[in-house]
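Written below as structure tokens is the structure these notes are about.
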Amino acid sequence: NLSWLSDDEQMAYLDAFKELILPGTMVLSGNHKTLTDFLLPDWDAERQPSARELAVAAAEHGASYVFVTGIHLPDQFIDNVLASPEGAIAGERFERFEVTFVGAGDTLSAALAATLSSGTPLDAAVSEALSFLDQSLDSGFRPGMGGVVPDRFFWALPPGEEGAQGPAGEAEIDEGSPHDGKHPPTP
């Protein structure tokens, strides 16, 4: 989100990002709307662009793949798709519900980068990163009245030591609790 920059500064930043960063990018990760606005700002079709169309646009700037999250599907589902200019490679769907997460996209992209750095193949790394995000959201906590923060250290607690209230202090999170096993991949 670059809303704190003036329009001219935003354009200069995005142009520099396209010129300097994308040519060295293996996987460009982001939510569907953000990637559409960035890669296809003049998109005017009634339908939303596919992950493949976003991958084609990213490839024009040198990025090999896109990992598109938060693609809205019918029946309360959200899709996450890894794509190349040739088409979709991998993906997973999650049921959407009304909880706002803060830092879910950052958690997902960091997990993907870390998994790739260990030499894991790209499609398996996407699956592992989504699994890590799912568990982080399941253990998430609400530090105040805002959104739920993923607990990235869910794995560090020994079994049975999630606290007196269960994982992530379930008593603190009411309706739309992330503990129902249905998680949106990004806010």
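Computed from the coordinates by the stated procedures, all read-outs in this text should not be read as laboratory data. Remember, it's a predicted structure, so these values are computed and weren't measured experimentally. Cβ placement follows ideal geometry from the backbone for every residue including glycine, while neighbour counts extend to all protein chains displayed.
Observations
- Within-15-Å neighbourhood charge of Trp43 [Cβ basis; K, R +1; D, E -1]: -3
- Taking 0.36 nm per residue of sequence separation and removing the Cα-Cα distance, the Trp43/Glu9 pair yields an extension gain of 10.0 nm.
- Legend: calculated FRET efficiency, Ile21 to Ala156, from the Cβ-Cβ distance at R0 = 35 Å, rounded to 0.05, equals 0.60.
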